[in-house]
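Notes to accompany the following structure.
Any read-out appearing in this document is the output of simple, stated calculations on the displayed coordinates, not a laboratory observation. These figures come from a predicted structure and were not determined experimentally. FYI the Cβ positions are ideal-geometry reconstructions off the backbone, even for glycines, and counts take in every protein chain you see.
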Amino acid sequence: MISAKLVATLLTVISGYTGYAIPGDPPRITLLSHDALAQHVCGRPCQVFGFTFPDGQIVIDGALAVGSDPVATSILVHELTHFLQISSVVHPQPINCRIWNDREREAFSVQTRWLRETTSSVRVFSIEMARLNYRGMHAMCKDHSTVAPQQSWPKG
């Protein structure tokens, strides 16, 4: 289980980075086995550790040590950024690839900033980024067509 205090703290930090308002209700976060998460999000085995659905629900790989491992916690930071992105939209519209890519870039930027600011040195930050395998973490849309609802948010 991920503590409500950790989620509130991370939402406050992310809001400070992005300017997004924090909604009254926190996101619903569900921990799943990696296999169940991959099946739920990708419909097949895939390299996914967290996902935020268009309704703001977050699913996280239950094997991650969120709260004690900085890299695992940064994945929650990434997903909470998507939660705040969703919450900030007054009138949701279909998400095209440009919007998806922009939101994904922002979530990775926030994740990286949080990790950089919470590590003790540049060396430790570099090691944590290597553990994260930052370069291969998500697939970008290749065109500007509308993204299908089940693909409305990045898998990462």
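Annotations for the structure displayed:
- Estimated from helices alone, the mean residue ellipticity of the chain at 222 nm is -15500 deg cm²/dmol (sum of -39500 (n - 2.57) over DSSP H runs with n ≥ 4, per residue).
- Exposure proxy order (Cβ contacts within 10 Å, fewest to most) of Ser33, Ser120, Ser109, Ser74: Ser120, Ser33, Ser109, Ser74
- With both residues required to sit in the chain, DSSP beta bridges show an antiparallel share near 50%.
- Residue order, fewest to most surrounding Cβ atoms within 10 angstrom, among His82, His40: His40, His82
- Here the contact order of the range 4-151, divided by its residue count and restricted to Cα pairs under 8 Å and six or more residues apart, works out to 23 percent.
- Label selected from (i) 22.3, 79; (ii) 14.6, 47; (iii) 14.8, 43, the criterion being Rg and Dmax of the Cα atoms in Å as computed here: (iii)
- Here the simple spin-label model places points 7 Å from the Cα toward Cβ, and for Leu31 and Ser109 these points are separated by 3.2 nm.
- For the chain, modelled as a GNM whose springs connect Cα atoms under 10 angstrom apart, the maximal fluctuation among Glu128, Glu106, Glu117 occurs at Glu117.
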